[in-house]
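Structure first, commentary second.
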Amino acid sequence: MSPAYIKLVLQDYEKKRAENLLSLLLMYPTPARLKDECINVCSKRYSRKDGRLLNAFFGEGDDKSLVSKAIAKKKVDEFRPVLNYLNKDTTRPDGKYVELVAWLIDFERRPYKLGEDYDIELEEDKPVKNSEELESMSGGADEFLQELRLKEEVKIAAEIQGMGPDNPLQSANTGSDETILTNPLHASDNPDTAAQLNKYGEIKPFSPFVKFRLKYLVFSTLLAFVVFTGFLVYRNFDLTSNQQLNTAPPTGSGCMEWIDDHYEQVPCSSKPNGRHIIAVDPQKLKYFRKINKPDTLTMDDIGKVWYIKLNGKMEFYTAEGFHPLDMNRRLRPISAYIIDKYILSEKKL
């Protein structure tokens, strides 16, 4: 293949790129985007006249469906030499890479014909517009950003739902080398992203699976934090309540002591000596009682009676709260199950 043809194809690519005549995938090419563009071009304008050049790269060229499947099976890294040719990183590219570019950009004089003079077609080298000028033309870069973000979201949703492997064309579009929007020719010039570049100068993205795992990890961490915080608040409130119940107020404000099955008011100056003396609670002093005859309880007492199992024995009380002799044990509301198991069943015996 003559150097003139190689230069002519590259010159046509740069000219069309500068004039915004190429697809968004070719404006900022990567190996994965080149593969995606091959699928698009094959679908839109496959022609048997390109069979020879397609066969040279993909191994198929005479049938559209076979070419599509061959593209889907092609590994992303096999498109890297094509990118090197477009980036002028090689001076002697293989002819099949040049012909593939000619096909992608719809170069009119493809394929290469031995003996044909391509020198007369060459134009004097003109400076190609830099990336900043390209991005300012007709809002092309902004449109590309929107399309790329939408495409990435669709891919992530499809992969999470199990889509993609059933369709070879969809699978091909999810190449592992897909990168975040950047110009590969200038990405390494940014010191903020230099540490994130791979060996080809492209920014390494998170895979959809990693993104899903990160979201799951963040959610789990927040949930655990909320639950743990709630537990600490509840425990602190419970301990504070117990301390208040166990702490006698100053002399003169009134105290009470649990005697047998009820509270009785006593002087706060009384020495505890093992006795449970707490501040007076008018409601408990009047209504809090231990039920000494639980066999009198019926289903009508649900919501009116509380119980606790202490040392293997059931105790029943007329109000809610803590056990009068063990302020760390809270009474529970009686239920139909408790009445049936511990009261009614005892009557039947």
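Coordinate-derived values only; no laboratory data. Only a predicted model underlies this, so the values are computations on that prediction, with no experimental measurement involved. Heads up, the Cβs are rebuilt from the backbone with ideal geometry, glycines too, and the neighbour counts pull from every protein chain shown.
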FRET efficiency for D295 and Y337, using Cβ-Cβ distance with R0 set to 22 Å, rounded to 0.05: 0.80
Rough spin-label spacing in nm, given labels placed 7 Å along Cα→Cβ, for D281 and L325: 1.8 nm
In order through the stretch 224-233: 3J(HN,Hα) via Karplus (6.51 cos²θ - 1.76 cosθ + 1.60), integer Hz, x for Gly, Pro: 4, 5, 5, 5, 5, 5, x, 5, 4, 5
Over the stretch 1-98, relative contact order from alpha-carbon pairs under 8 Å, at least 6 apart, %: 26 percent
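Where Lys and Arg each count +1 and Asp and Glu each count -1, what net charge lies around H262 among other residues with Cβ under 14 Å from its Cβ?
Summing Lys/Arg as +1 and Asp/Glu as -1 gives -2.
Please report the net charge: other residues with Cβ closer than 11 Å to the Cβ of L66, K and R +1, D and E -1.
Values: positive: K64, K69, K73; negative: E60, D62, D63.
Result for the local shell: 0.
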